[in-house]
Amino acid sequence: MRKMRKYGFNISDLVFKNPAVSDEEKNADPHIGSGDENADRGNWNSKKEYLLSMIGYAVGLGNVWRFPYLTYKHGGGAFLIPYVIMLSVAGLPLFFMESSLGQFCSQGPINVWKAVPIFQGVGITMMLVSTFVSIYYNVIIAYSIYYLFASFQEPLPWSDCSNWSDMNCNITARGSSSTVFSMAGKSYQTEYCNMTAYNGSLMAVNTSMIADGNQSCLEEFLASVPLQSPSERYWDVVALQRTSSMDETGPVVWHLALCLLLGWILIAAALFKGIKSSGKVVYFTATFPYAVLLILLIRGVTLEGARNGIEYYIGSQSNLTKLSEAEVWKDAATQIFFSLSIAWGGLTALASYNKFHNNCYKDSIIVCITNCSTSIFAGFAIFSILGHMAHVYGKPVSEVAQAGFGLAFIAYPDALSKLPISPLWSILFFFMLITLGLDSQFAGIEVITTCLQDAYPKVLKAKRGLITVLICIVLFLLGLPCVTGAGIYWVNLIDTFCAGWILLVAGLLEVFGLSCIYGGNRFIKDIEMMIGTKHALFWIWWRACWFFITPVVLLVILGWSLYTFTAPTYGSVEYPQWGIALGWCMTVFCLVWIPIVAVWKLVKASGNPWQRLKSVCSPTKDWGPYLECHRNERYGQAGMNDANVYVISNKNSTRL
């Protein structure tokens, strides 16, 4: 018999409940399948859909544009040593913990904290972070959509600036006393010195000749001119229409706004029926990137100079002395932490739709290893082509390899433009970025909808499609400032202040709350209720991580991140003071709910201060598996004390 339970969370009118619903309501819900174990919330149609959704969520843009750069920056193959160690001591333990917690109680990232009510604000922080990230993450998808459309041209528009720019583009020095300037696609040879550039146009001020061997004034001139490749110029001038600073907002860039709208339409369509529809979409979005990476790798290794790129990535540049630097270990840990999407709430939300006895331990191992293997594999595909680009330009790989936006929208597109049939490779690359972004975005939106449905199941149960559409519309409108002339500054600002060390705080409180307050041994018994009893030796490593190693690692990373924190910049452009202040306000807004909820819970509790504290640090009376058939003696009627008496009816049970 199924027992419907109440999950209460009292901050003003924020009450998260799961009341019983009638059979008619169940049958009216299009998001519940006839074979679902949980007829209130629904389950994944199959194990494959869950695994692909988790892999798609974990494997994102950072695997393609951040990991390869960090690897070559921090000693090449030597970087894999701290990377694997951090996966073992921080990534896997937290991933296993989050997915197990969501599956055990079949609740989203807020309601799972009925296990430790005083930390329920951590769940709100996770939901808010996912909301902020969803706003700007879809803007990055919009960039990829725009570049995908632009790739249907021969030649690629960023391969030559003659058709769209009247500005100085790709200046290169040649010979001993002359320079060839490529302006608007035309070459001009000059022997004049003491020249200046104004708004991209060259103006000769003095006409003194340059003597052979005397290049001083020419070098000064070249140093003063802002040199940009056509791909970089295209990114700034055409795609972004970037303004000079965040103070200058500029108009909405309509081609990006339309691409952003298309991105949100795709997400709304995929999530309209919740996991029942998104589970089908991920069969494509989670697997297609692997096909593209394989194609790009095969093409890349056949190019001249590819070997140099791979050696820069993981070969001869390997430097074991780098392991003595704290920065290497910090970057390895943060990359693992963010790559696996820990503390975003998505792992808990997706796992909450599993069947109770699903082997969440095995799933965690599969997803984590797949994610990290994908990062390493992507590095070979990326750097083989960057090596070819370096060969074409006659530069070292270090001068063409960039991180973040620079790799995805400047360096790599530039490299692809040098290949035969360049539009084909460009189309494949940007379509891959879109699919990588979409399945990560699916889980981010799922966090929001799951939290809302867990809060008001009676009202929202049969309206999931409508709620999803409304969420997408609101987030689209909130994302419009990110597609103005100053939009890239907003994207970078939100990424710095909302997707950074806030997650470290949430992760640290998560592992502390479950291991030390709820009880690590109690949590292990909960997991064994789902996956079966394990030998004591099996839990030695997980106990060591949850009780000591993982909290210490997170604490060190958090302290180091705060100590080394510097105000964000976009290239050489600094943010205004009001922009930095706004960034800190977003950070505070996400974190402030943790102490607010803690104080609220203490105020609402009864008894003396010690009794209040003990009450809010203990699981609520209705904590446990969602379905009555899974609660057994530990959470069922036989195992409850006098304060937890049930009145059993034919359809549900209500706690007195």
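The values are calculated or read from the model by the stated rules, or taken from the named source; none is laboratory data. On a predicted model such as this, the values are computed, not experimentally measured, just so you know. Neighbour counts run over all protein chains shown; Cβ positions are idealised from the backbone, glycine included. Calculation scope for accessible area: heavy atoms of the full protein, side chains included, ligands and nucleic acids excluded. Shrake-Rupley method; radii C 1.70, N 1.55, O 1.52, S 1.80 Å.
Selection of the range 319-354 for residues being outside any helix (DSSP H, G or I) and buried (at least 18 other Cβ atoms within 10 Å of the Cβ) yields Leu340, Ser341, Ile342, Ala343, Trp344, Gly345, Ser352, Tyr353, Asn354.
Checked against the criteria, Asp414 does not count as within 26 Å of Phe132 (Cβ to Cβ), charged (D, E, K, R) and modelled with pLDDT of 85 or more. Can you find even one residue in the range 431-439 that is closer than 30 Å to Ile32 by Cβ, open to solvent by 20 Å² or more (accessible area, probe 1.4 Å) and either in contact with a Gly (Cβ under 8 Å, 6 or more places away or on another chain) or in a helix (DSSP H, G or I) (or both)? Checked against the condition, which is being closer than 30 Å to Ile32 by Cβ, open to solvent by 20 Å² or more (accessible area, probe 1.4 Å) and either in contact with a Gly (Cβ under 8 Å, 6 or more places away or on another chain) or in a helix (DSSP H, G or I) (or both), the range 431-439 yields no hits at all. Checking each residue in the range 445-488 for being surrounded by fewer than 23 Cβ atoms within 10 Å (Cβ to Cβ), in a helix (DSSP H, G or I) and among the hydroxyl-bearing types (Ser, Thr, Tyr) picks out only Thr449.
Only one entry of Phe67, Phe104 meets the criterion of being open to solvent by less than 10 Å² (accessible area, probe 1.4 Å), within 27 Å of Gln402 (Cβ to Cβ) and of a type in the set (Phe, Trp, Tyr), and that entry is Phe67.
The residues of the range 579-599 that are open to solvent by less than 60 Å² (accessible area, probe 1.4 Å) and either of a type outside the set (A, V, I, L, M, F, W, C) or touching an Asp or Glu at 6+ places or on another chain (Cβ under 6 Å) (or both), listed by number, are Gly579, Gly583, Thr587.
Taking each residue of the range 393-412 that is part of a helix (DSSP H, G or I) and looking for partners that are of a type in the set (D, E, K, R) with beta-carbon atoms closer than 7 Å, six or more apart or interchain, yields Ile410/Glu232. Screening the candidates Lys73, Lys114 for the property of being within 24 Å of Lys621 (Cα to Cα), charged (D, E, K, R) and touching a Phe, Trp or Tyr at 6+ places or on another chain (Cβ under 9 Å) yields one hit, Lys114. Inspect all residues belonging to the range 543-559 and state whether any of them is at pLDDT 90 or above, under 27 Å from Ser134 (Cα atoms) and over 19 Å from the mean Cα position of the chain (by Cα). Yes.
For the range 600-614, the set of residues classified as surrounded by 12 or more Cβ atoms within 10 Å (Cβ to Cβ) and assigned to a helix (DSSP H, G or I) consists of Trp600, Lys601, Leu602, Lys604, Arg612, Leu613, Lys614, listed by residue number.
Only residues that are in a helix (DSSP H, G or I), exposed (fewer than 13 other Cβ atoms within 10 Å of the Cβ) and touching a residue at least 24 places away in the same chain (Cβ under 8 Å) were counted across the range 536-577, and they come to 1. Before we move on, is Thr587 part of a loop (DSSP other than H, G, I, E, B) and at pLDDT 85 or above? Taking the combined requirement at face value, the residue does not satisfy it. The residues of the range 246-281 that are more than 30 Å from Arg464 (Cβ to Cβ), crowded, with 16+ Cβ neighbours inside 10 Å and not β-branched (Val, Ile, Thr), listed by number, are Met246, His255. Listed by position, the helices (runs of 4 or more DSSP H) inside the range 5-102 whose residues that are modelled with pLDDT of 85 or more, more than 21 Å from Leu436 (Cα to Cα) and not aromatic (Phe, Trp, Tyr) number at least 1 are 80-86.
Checked against the criterion of being aromatic (Phe, Trp, Tyr) and within 16 Å of the chain's Cα centre (by Cα), the candidates Trp490, Trp501 yield just one match: Trp501.
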